[in-house]
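Comments concern the structure below.
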Amino acid sequence: MKLSSTMRALIVDDFQTATFRTAEIPRPEPTADQVLVQIKASGVNPLDSKIRTGKAPHAKPVLPAVLGTDLAGIVVAVGQNITTFQVGDEVYGLTGGVGGLQGSLAEFAAVDPDLLAKKPSNLTMREAAALPLVFLTAWEGLVDRANVRAGQRVLILGGAGGVGHVAIQIAKAFGANVFATASAAKHDMVRQLGAHAIDYRSTSIEQIVETFTDGQGFDVVYDTVGGSTLDDAFKAVCNYGYVVSSYGWETHSLLPLSRKAATYSGVFVLLPLLTGEGRAHHGEILRQATQLAEANQLRPIVDPRHFTFDSAMSAHDAAERGTAISKIVIDL
């Protein structure tokens, strides 16, 4: 296949207008250590809209930028040093949109292959594009940090969100007994994923601990919300238990945690992209995701709306307003 020397992409020029501009830009050429991916779908996370509007300085965006963190697509060219992928492979990964790396809101991207894995054969491109950031975030917290295992009681705070609904499935796959907070409207979804659904609006954290653990606390608590919810996580964990959070960005009292000799870890999934350190582990984690998906133990819940280049702003608006059904995907 002869590739065009240019490609269509969405550009963000500044944080003030924070809008996408459609442009025809040079198609990237992969280096000897990169693969060129023809992007079929771009996952949208709350982080993506925050980057676009200048509310995520920790992502170190460099403007003007092609944003978009998650992708799924087809390898169409490989650098001379690449042995892990070949032309025609269907792949997915968390590959850019931060730290000056080109994102996935374009027709092609030259990508570090360490960040990629082969797409699960039983998932569509849309479903695969919905997974990388949320799966990596959930896995790093539950498996890498907390060492989740069979028989444990695991509480997911924010179980219906992108990270939360994947965290439920990972914990279930490891044999844990999973509990998850969600609004009443999303309880059916949480139950279908295999967790005990808890209405966080009508049940205090103290009631949750008493009702579901006889006052002992949970072995692992994953906070996907931040703020006062992380304080609740410290209250909900058992003696010598483990709390992880993907939103531990504020000031919190460690007293409830320390009095239980419990452990806390933060998850910052962008670190390998920003520093180059640990990228190969991201590929390893996604290969675990592929195995779980192909074993029918993992499936992302994707919003049924089909967004495109021309409606990408609407996709971001939906992510910002929280109207999505778990994950939004833009079709390219």
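Descriptive notes on the structure:
- Some residue of segment 119-137 being assigned to a strand (DSSP E or B) and of a type in the set (Val, Ile, Thr): no
Every residue, every condition in (1) open to solvent by 40 Å² or more (accessible area, probe 1.4 Å); (2) closer than 18 Å to ASP114 by Cβ, yes or no:
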residue	(1), (2)
SER258	yes, no
LEU270	no, yes
ALA280	yes, yes
ALA289	no, yes
ALA293	no, no
GLN297	yes, no
ALA315	no, no
GLU320	yes, no
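- If the condition is being open to solvent by less than 10 Å² (accessible area, probe 1.4 Å) and in contact with a Lys or Arg (Cβ under 8 Å, 6 or more places away or on another chain), then segment 112-130 contributes LEU115, ALA117, LEU123, ALA128, ALA129, ALA130.
- In segment 165-181, the residues that are among the hydrophobic types (A, V, I, L, M, F, W, C), free of Cβ contacts under 8 Å to residues at least 60 places away in the same chain and open to solvent by less than 40 Å² (accessible area, probe 1.4 Å): ALA167, ILE168, ALA171, ALA176, VAL178, PHE179, ALA180
To keep it simple, each residue is scored yes or no on (1) in a strand (DSSP E or B); (2) surrounded by 18 or more Cβ atoms within 10 Å (Cβ to Cβ).
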position: LEU36; (1), (2): yes, yes
position: LEU67; (1), (2): no, yes
position: ALA72; (1), (2): yes, yes
position: VAL75; (1), (2): yes, yes
position: VAL87; (1), (2): no, no
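- Close contacts from segment 319-332, counting a first residue that is closer than 17 Å to LEU10 by Cα and a second that is of a type in the set (Val, Ile, Thr) and open to solvent by 50 Å² or more (accessible area, probe 1.4 Å), with Cβ to Cβ under 8 Å and a gap of 6+ residues or different chains, come to ILE330/THR308; ASP331/THR308; LEU332/THR308.
- Candidates are the residues of segment 1-54 that are of a type in the set (Lys, Arg) and free of Cβ contacts under 8 Å to residues at least 40 places away in the same chain; the one that is nearest to GLY276 (Cα to Cα) is LYS50.
- Residue list for segment 230-256, filter: assigned to a helix (DSSP H, G or I), open to solvent by less than 60 Å² (accessible area, probe 1.4 Å) and not acidic (Asp, Glu): LEU230, ALA233, PHE234, ALA236, PRO256
- When segment 3-27 is filtered for residues that are closer than 26 Å to GLY54 by Cα, out of contact with any Ser or Thr (no Cβ under 9 Å at 6 or more places or on another chain), surrounded by fewer than 19 Cβ atoms within 10 Å (Cβ to Cβ) and not aliphatic (A, V, I, L, M), the ones remaining, listed by number, are ASP14, GLN16, THR17, THR19, ARG21, THR22.
- Residue pairs whose Cβ atoms lie under 7 Å apart, sitting 6 or more positions apart in sequence or on different chains, and linking a residue in segment 95-116 that is farther than 11 Å from VAL75 by Cβ and hydroxyl-bearing (Ser, Thr, Tyr) to a partner that is assigned to a helix (DSSP H, G or I) and open to solvent by less than 10 Å² (accessible area, probe 1.4 Å), are THR95/LEU115.
- Note on segment 197-209: residues that are surrounded by fewer than 19 Cβ atoms within 10 Å (Cβ to Cβ), in contact with a Ser or Thr (Cβ under 9 Å, 6 or more places away or on another chain) and not hydroxyl-bearing (Ser, Thr, Tyr) amount to 2.
- Number of residues in segment 229-281 that are more than 17 Å from the chain's Cα centre (by Cα), more than 23 Å from GLY159 (Cβ to Cβ) and of a type in the set (Lys, Arg) equals 1.
- For segment 72-81, the count of residues that are touching a residue at least 40 places away in the same chain (Cβ under 8 Å), under 29 Å from SER265 (Cα atoms) and not aliphatic (A, V, I, L, M) is zero.
- ALA184 vs. criteria open to solvent by less than 10 Å² (accessible area, probe 1.4 Å) and not β-branched (Val, Ile, Thr): no
- Test: residue in segment 147-164 that is aliphatic (A, V, I, L, M), at pLDDT 95 or above, in a helix (DSSP H, G or I) and in contact with a Ser or Thr (Cβ under 8 Å, 6 or more places away or on another chain): yes
- Residue check for LYS50: open to solvent by 10 Å² or more (accessible area, probe 1.4 Å) and either within 14 Å of LEU270 (Cβ to Cβ) or assigned to a strand (DSSP E or B) (or both): yes
- The residues on offer are GLY162, GLY227, GLY217, GLY194, and the sole one that is of a type outside the set (Asp, Glu), open to solvent by less than 40 Å² (accessible area, probe 1.4 Å) and touching a residue at least 60 places away in the same chain (Cβ under 8 Å) is GLY162.
The values are calculated or read from the model by the stated rules, or taken from the named source; none is laboratory data. As the structure is a prediction and not an experimental result, all values here were calculated from the model. Cβ: placed from backbone, ideal geometry, glycine included. Neighbour counts: every protein chain shown. SASA here: full protein model, heavy atoms, side chains in, ligands and nucleic acids out. Shrake-Rupley method; radii C 1.70, N 1.55, O 1.52, S 1.80 Å.
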